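Comments concern the structure below.
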Amino acid sequence: MSLLTEIDRRKTFGIISHPDAGKTTLTEKLLLFGGAIQEAGAVKSNKIKKGATSDFMEIERQRGISVATSVLAFEYQGIKINILDTPGHKDFAEDTFRTLTAVDSVIVVIDVAKGVEEQTEKLVEVCRMRNIPIIVFVNKLDREGKDAFDLLDEIEQKLHLRVTPLSFPIGMGYDFKGIYNIWEKNVNLFEGSKRQEIEDSIHIENLESEELDQLVGSDAADQLREELELVYEVYPNFDREAYLEGALQPVFFGSALNNFGVRELLDCFVEIAPKPRPKESSTRLVKPEEEDFSGFVFKIHANMDPKHRDRLAFVKIVSGTFERNTPYLHVRNQKKLKFSSPNAFFAEKKQIVDVSYPGDIVGLHDTGNFKIGDTLTEGEQMEFKGIPSFSPEHFKYINNADPMKSKQLEKGIDQLMDEGVAQLFRLELNGRKVIGTVGALQFEVIQYRLEHEYGAKCSYEQLNVHKACWVDPEDANSEEFKEFKRVKSKFLAKDKQGQLVYLADSAFTLQMTQQKYPSVKLHFVSEFD
Ligand code: GDP
């Protein structure tokens, strides 16, 4: 098949949700539809219960060996679908942000009873900023929940989306009778006894027909007619262009656990979701259909099996074809690298592949060459943009607790930072190392991994930092910038890329600093124009 045909039949997306809304269950049902798995329970949840480190370790160990849920690929109606895993736990939000740079669209799962939750708000904001096309799936309709219209309002207000329902529930909870598919104009009935089966829907061309009354009862039929009238009146018609631009978001209702409403979602998804999109680089916009291969690393997975120490770097292919045993340029290192056993992902397995196409993810064995954000090309000198670091929330000094193992500690910290587990800052004044993380959990994870993977011991020391701000002076030679550097010297550090960072100790000093040195811009994100 030609490159163009392969691009046209690929859709790469991520499912995002607050923990427990049903991401894992939905993923599994999608794979069932694709015939990629035969039974429920095959997809491992990546959930961290109660935030326990041991739980995290266990999951990481399993995942490190099987790389189970990082990428799940399957085929449906001739379309190759790649689902990228996004951790729901807030301490791993940065991992999710980075994964969002590799998806071409997302599905947001919302619990009908809980409505829009905090984690969803943050993740959708990132998608909105990048104009990523979004489909919303309201889950758990078999349970009592919020009124559908109230929920649509809430989604619009809290997530700042412009929604249009493409399916609509008939009843809810105990009275849940089924779904009217606005997209295809048919009814799918929810029958308790056949819950786990994939059912054919009943086609109803005319909503006024008696058939609807017979199927769901007159009361429910009348209510549905009224509600649909309101839907057509209040919400805009679906417009694919608007969806693709991130300006309109279709909403589906269903119950992932009962495999209900999922086919409607999937059928619409394969029709409307975008194929691999172009990506901005340091020099130009790179289009998928270009012949030369290019791609970027968005995730690095350490192998937790002590016998196999290598890591797996996940590369999203942006353009051209990626081929096994072909030398590609690692742009940051200016080195040509060849990969003899690139992994592709199918359902929950990985296998070696010869050729991969835009939209696909390949897993490359890595002995320490890669870090997140790295670009591979056929020789072109350009780097993909858009994997910024965000200011961490928690900061601590990291000290060496075993002087005999300082080399191991250096190496361990270096590699963990390349994986994006946390961020390292080195104070300008005395060279001390400060670790910044999104969640408190990562400090334990780092300590554990340094010890078990690198044989090094570390200890932490409290440090009072409110936010890390990337420093961006209007004029690097100005008196104002010089004074800023002199007055704030105790609080200045360099990040791993060597960028200057100001560690503000409180919201108040940050505000004062901004007022006092207006020509020195302070950013909470490491990439800025
Ligand atoms: P995740 O944290 O978003 O991956 O959520 P899971 O898929 O693990 O689901 C969380 C819990 O909700 C599990 O106990 C699921 O069985 C349950 N669940 C998922 N979908 C549904 C649904 O449609 N109805 C009901 N009643 N429970 C569901």
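Every number in this text was worked out from the coordinates using simple rules, so none of it is lab data. Just so it is clear, the structure is predicted and the values come from calculations on it, not from any experiment. Note: ideal-geometry Cβ built from the backbone for every residue, glycine included; neighbour counts use all protein chains shown.
Brief remarks on what is shown
- Rounded to 10°, Cα long-axis angle of helix 148-159 versus longest principal axis of the chain: 20
- Using a cut-off of 30 Å between Cα atoms, the listed pairs Lys335/Lys396; Lys457/Lys496; Lys411/Lys482 include Lys335/Lys396; Lys411/Lys482 as exceeding that distance.
- Tilt relative to the chain, helix 53-66 - C-alpha long axis, 0 to 90 degrees, to 10: 80
- Think of each Lys and Arg Cβ as +1 and each Asp and Glu Cβ as -1; about the Cα centre, that makes the dipole of the stretch 280-377 roughly 460 debye.
- Inter-label distance for Gln334 and Met512, nm, one decimal - labels placed 7 Å from Cα along Cα-to-Cβ: 4.5
- Too-long pairs where the Cα-Cα distance tops 27 Å, listed order kept, from Lys23/Lys122; Lys385/Lys516; Lys23/Lys299: Lys385/Lys516
- Its DSSP H runs of at least 4 residues, each contributing -39,500 (n - 2.57), put the calculated 222 nm mean residue ellipticity of the chain at -8500 deg cm²/dmol, to the nearest 500.
- Between the stretch 271-303 and the stretch 352-372, the Cα center-to-center distance that results, in Å: 12
- Reachable aspartates and glutamates, given that their alpha-carbon falls under 13 Å from the alpha-carbon of Lys490 and they are not under 8 places away in the same chain: Glu428, Asp505
- For the chain, averaging the sequence separation of C-alpha pairs within contact (under 8 Å, six or more residues apart) and dividing by the residue count gives a relative contact order of 14 percent.
- Point-to-point label distance, Asn237-Lys411, nm (Cα→Cβ direction, 7 Å offset): 6.5
- Net charge of neighbours whose Cβ lies under 13 Å from the Cβ of Leu3, counting Lys and Arg as +1 and Asp and Glu as -1: -4
- Computed from point charges on the beta carbon alone (+1 for Lys and Arg, -1 for Asp and Glu), the dipole magnitude for the chain about its Cα centre is near 3280 Debye.
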